[in-house]
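Student: Before anything else, here's the structure in question.
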Amino acid sequence: MGHALNNRPVGVIGNDEFGGAIAERIAGCRFRVMYAALAGSPPIAYGEMLEPASESTIAMRCPIVLAAIEDTETFRRLLVGDGEKALAGGLQPGSVLVDLGARTPREFQTLFEVLEPRNVALVDAALISAPEAALHGHAKILLGGDLASVEIAESILALLGNVERTGPLGSAHAAAALMGYIEAAQSVAREEALALGAACGLTPETLKRVLSDESVPRDLNVVQLARRAALARRIARDRRGSADIINLAAEKHARNRENR
């Protein structure tokens, strides 16, 4: 880590609570940090190890720059817009840019094509935790990119919590997106299940008990699962309840059978 920084500061750029939490945590670990607070970033406590700075100053002085900017258009403007103020033009050869936003593989390829001719490495990282977890060093971080750049980035990101490498550039954001996909589907399915259960006369206490992770059998086979899912769908129709997830599952199952 000392070789990568060579007594130079870590740069952090953010426009929400994540950027501030990251900057404060790294500074709290006694590393010099320069923070560029973009519009939307909450106030943070500057001090001996944490100082405010512009994006251009960070690009010029920091060998490792962490950018916590989720919106891709905002990030693109920061990277390539406004001529001399463009971050990409100021980043020094050999530096590493850690993207903590939310990008698709195609968006990453575009960013890589901007930075690669300048000999600036790009890695992607995803914080799978609240800002408070990062602030206290308990966050889970997914990290993707080429090996050499990932090792440099991990030396700093490890201060925020547990780092898990996911593979090539873009893999961390993709993995985080898939985690969100599953969580969203489970959330909708659970909400619909609770509504259907109430319509069938099940009390909230009973529903909480029978739908808990501990009470769900682990040895159900595919046929059993399909039969119970079909029953839930019939109950939803009978009670005129919402069953979007189970309907989608049934439609996909029917298409798979047709394609065999």
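The values are calculated or read from the model by the stated rules, or taken from the named source; none is laboratory data. As the structure is a computational prediction, the values presented were derived from the model and not from experiment. Don't worry about glycine lacking a Cβ; one is built from the backbone with ideal geometry, like all the others, and counts go over all protein chains shown. For accessibility, only protein heavy atoms count, side chains too; no ligands or nucleic acids. Shrake-Rupley method; radii C 1.70, N 1.55, O 1.52, S 1.80 Å.
Student: May I ask you to verify whether LEU135 is within 16 Å of VAL98 (Cβ to Cβ) and either within 12 Å of the chain's Cα centre (by Cα) or among the hydrophobic types (A, V, I, L, M, F, W, C) (or both)?
Tutor: Spelling it out, it is not the case that LEU135 is within 16 Å of VAL98 (Cβ to Cβ) and either within 12 Å of the chain's Cα centre (by Cα) or among the hydrophobic types (A, V, I, L, M, F, W, C) (or both).
Student: Are any residues in the stretch 90-108 in contact (Cβ under 8 Å) with a residue 24 or more places away in the chain and in a helix (DSSP H, G or I), and if so, which ones?
Tutor: GLY90, PRO105, GLU107, PHE108
Student: Checking the structure you have, find out if any residue of the stretch 141-158 is more than 13 Å from ALA59 (Cβ to Cβ), in contact (Cβ under 8 Å) with a residue 24 or more places away in the chain, part of a loop (DSSP other than H, G, I, E, B) and acidic (Asp, Glu).
Tutor: Looking through the stretch 141-158, at least one residue is more than 13 Å from ALA59 (Cβ to Cβ), in contact (Cβ under 8 Å) with a residue 24 or more places away in the chain, part of a loop (DSSP other than H, G, I, E, B) and acidic (Asp, Glu).
Student: For the stretch 115-131, indicate whether the set of residues that are in contact (Cβ under 8 Å) with a residue 40 or more places away in the chain, over 17 Å from ALA67 (Cα atoms) and either touching a strand residue (DSSP E or B) at 6+ places or on another chain (Cβ under 6 Å) or not in a loop (DSSP other than H, G, I, E, B) (or both) is non-empty.
Tutor: No, that holds for no residue.
Student: Does ARG30 satisfy being in contact (Cβ under 8 Å) with a residue 24 or more places away in the chain and either open to solvent by 10 Å² or more (accessible area, probe 1.4 Å) or among the charged types (D, E, K, R) (or both)?
Tutor: For ARG30, the condition - in contact (Cβ under 8 Å) with a residue 24 or more places away in the chain and either open to solvent by 10 Å² or more (accessible area, probe 1.4 Å) or among the charged types (D, E, K, R) (or both) - is not met.
Student: Quickly run through the stretch 168-224 and pick out the residues that are at pLDDT 85 or above and among the basic types (Lys, Arg).
Tutor: Selection gives ARG190, LYS208, ARG209.
Student: A further question on this structure: If THR74 satisfies all but one of (1) surrounded by 23 or more Cβ atoms within 10 Å (Cβ to Cβ); (2) within 20 Å of the chain's Cα centre (by Cα), what's the number of the condition it fails?
Tutor: (1)
Student: Report every pair of residues separated by at least 6 positions or lying on different chains whose Cβ atoms are under 6 Å apart, first residue within the stretch 171-200 and over 30 Å from LEU147 (Cβ atoms), second part of a helix (DSSP H, G or I) and open to solvent by less than 60 Å² (accessible area, probe 1.4 Å).
Tutor: Going by the 6 Å Cβ cut-off, the qualifying pairs are VAL188/ILE245; ALA189/ILE245; LEU194/LEU207; LEU196/ILE235; LEU196/ALA236; GLY197/LEU207.
The rows are residues; the columns are (1) surrounded by 14 or more Cβ atoms within 10 Å (Cβ to Cβ); (2) within 22 Å of GLY137 (Cα to Cα); (3) modelled with pLDDT of 95 or more; (4) of a type outside the set (A, V, I, L, M, F, W, C).
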site	(1), (2), (3), (4)
ASN6	no, no, no, yes
ILE26	yes, yes, yes, no
GLU51	yes, yes, yes, yes
SER56	yes, no, no, yes
VAL80	yes, no, no, no
GLU84	no, no, no, yes
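Student: Which of the residues that make up the stretch 162-197 are in a helix (DSSP H, G or I), of a type in the set (Gly, Ala, Ser) and out of contact with any Asp or Glu (no Cβ under 8 Å at 6 or more places or on another chain)?
Tutor: ALA174, ALA175, ALA176, ALA177, GLY180, ALA184, ALA185, SER187, ALA189, ALA193, ALA195, GLY197
Student: Can you find even one residue in the stretch 98-119 that is open to solvent by less than 10 Å² (accessible area, probe 1.4 Å), at pLDDT 95 or above and within 18 Å of the chain's Cα centre (by Cα)?
Tutor: yes
Student: What number goes with the only condition from (1) open to solvent by 10 Å² or more (accessible area, probe 1.4 Å); (2) modelled with pLDDT of 95 or more that TYR35 does not pass?
Tutor: (1)
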